[in-house]
1. Which one of ALA239, ALA269 is assigned to a strand (DSSP E or B), hydrophobic (A, V, I, L, M, F, W, C) and buried (at least 22 other Cβ atoms within 10 Å of the Cβ)?
2. So, of the residues in region 131-171 that are acidic (Asp, Glu) and over 22 Å from the mean Cα position of the chain (by Cα), which turns out to be surrounded by the fewest Cβ atoms within 10 Å (Cβ to Cβ)?
3. Might you check whether a residue that is of a type in the set (Ser, Thr, Tyr), at pLDDT below 95 and either under 22 Å from GLN148 (Cα atoms) or out of contact with any Pro (no Cβ under 6 Å at 6 or more places or on another chain) (or both) occurs anywhere in region 257-277?
4. On the basis of being in a loop (DSSP other than H, G, I, E, B) and either aromatic (Phe, Trp, Tyr) or buried (at least 23 other Cβ atoms within 10 Å of the Cβ) (or both), does PHE123 make the cut?
5. Would you call ASN424 among the polar types (S, T, N, Q) and assigned to a loop (DSSP other than H, G, I, E, B)?
6. Is it the case that LEU405 is on the phi < 0 side of the Ramachandran plot and surrounded by 14 or more Cβ atoms within 10 Å (Cβ to Cβ)?
7. Scanning region 350-367 for residues that are among the aliphatic types (A, V, I, L, M) and either outside any loop (DSSP other than H, G, I, E, B) or under 14 Å from the mean Cα position of the chain (by Cα) (or both), which turns out modelled with the lowest pLDDT?
Amino acid sequence: MMKKLLTICFLSTLISPFSYGSGYQVLLQGNRTTGMGNLGVMMYSDASSLFFNPGAMGFMDHNSILIGTNPIFASNTYWNSETSNSSYTAETDNPTGTPFHFYAVWGPKDGKFKFGIGAMTPFGSGVNWGNTWDGRDMLNELTLKAIQIQPTVAFRISDKLSIGAGLDITLGSVNLMRTLLLDARQDGNNYSEGSVSLEGSASLAYGYNIGILYAASEKIDLGLSYRSKVDMKIEDGDAEFVVPSSIAGLFPDGNTFNASLPLPSVISAGLTYHISENFEIGTQFDWVGWSAYKSLDFDFKTNTPGLEDSSSPRNYEDSWVIHLGGEYVLENNLQLRAGLYYDKTPVQDGYMTPETPDNDRLGLTAGIGFAIGEHFQLDLSFLYIHSAQREQTIEQAIAAGTYTLSTPQQSGTRDVLPGTYKLNAVIPGFSIAYKF
């Protein structure tokens with residue numbers, strides 16, 4: 001029981017913040033693209049192309065430095081719908097997320113090559129359920145920070161075709177706090193409680209991305225990109241336990257752990273249609289390789305009868321996202337943007353945890369942009385994420401093997417908390433670019 005709770009709680013917290021869209025995968029790497037429903041693979045007007053499609057950099061007619069951020073205001077709610085007539089609910093008090101993005105793209109104005117360097121935080125977030133709610137044995141609070149650095153090069157083969165590639169260098173850290181429900185007391189209903197804090201830094205992990213942009217005609221641009229899977233590894237993370245002295249030997253001081261998990265690959269394809277010189281619309285389809293996330297594996301340096309290594313299934317499915325958006329430029333060069341996207345969850349029935357209370361998501365977006373003189377561009381965006389409530393039943397969890405009932409011979413276990421979950425998030429954003 002103890003080893004499964006520790007494993008599930010820790011490793012699933014690693015996967016949930018970075019999956020801000022299939023889970024929590026909200027791509028916040030460019031506020032022009034965010035304002036248009038997160039379209040990016042077939043756009044090439046600013047330096048964020050470095051992330052979305054490095055091939056598009058080859059069509060940029062200027063050099064640029066761009067920096068932006070997107071504060072995340074999100075909340076999760078839980079309702080114990082599995083207990084008859086229950087009115088119990090819980091809501092998170094999440095810290096405000098502050099992901100950022102930075103790009104620098106340069107090269108000869110009339111040359112065929114463009115070079116760039118980017119830094120962004122596509123995998124950072126946090127969640128706080130508190131230490132008194134019914135699922136405190138799974139999670140109190142977590143914070144995950146990840147930074148990706150991407151050196152990139154693009155080559156414009158012709159007036160219609162450009163290709164590009166980049167190296168993804170990822171580093172990060174995680175901190176988890178949760179309650180330990182320990183031995184049962186004589187009445188069999190209450191438990192003594194302890195706590196655990198797990199903290200570790202991931203070693204450098206490497207991946208790559210490639211992209212191509214094709215100007216099929218004066219009206220149509222086509223884009224295609226691929227971002228590879230990245231395997232993140234935490235080695236010698238710190239595990240600190242606060243437990244009664246009578247069982248302190250089961251949780252030795254100075255214990256460490258190793259863990260690993262995949263960040264999934266993403267294939268994106270999109271089309272832009274230029275209705276007029278001032279009006280364009282586009283659509284994009286993403287395929288996310290979440291099936292790479294099959295299990296949670298956790299290895300403690302020191303094992304005891306209460307703290308053993310374990311592996312627990314997650315069995316995510318590949319998922320997809322479809323986007324639609326557009327931009328209209330007024331005569332004063334004010335750019336108006338709007339869009340939406342639909343994001344299919346990879347989490348199967350019976351595998352939903354408090355760290356990934358995931359369901360299909362609808363994102364509604366809007367944005368404006370305007371030039372400040374000849375060299376500066378300001379972009380503002382707004383994203384609202386709505387997730388319909390999703391119920392996970394005990395029967396679904398039993399079928400998935402993540403929940404067992406108590407028997408006279410053995411106490412039950414739970415890797416998930418059955419009930420009904422819901423998420424809503426509001427994400428404004430702004431960025432400024434210097435063109436030269």
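The values are calculated or read from the model by the stated rules, or taken from the named source; none is laboratory data. Given the structure is predicted, the values throughout are model-derived calculations rather than measurements. Using ideal geometry, Cβ is built from the backbone for each residue, glycine included, and neighbour counts are taken over all protein chains shown.
1. The unique qualifying residue is ALA239.
2. Once the filter is applied, the top-ranked residue is ASP159.
3. Yes, region 257-277 contains a residue that is of a type in the set (Ser, Thr, Tyr), at pLDDT below 95 and either under 22 Å from GLN148 (Cα atoms) or out of contact with any Pro (no Cβ under 6 Å at 6 or more places or on another chain) (or both).
4. yes
5. no
6. no
7. LEU362
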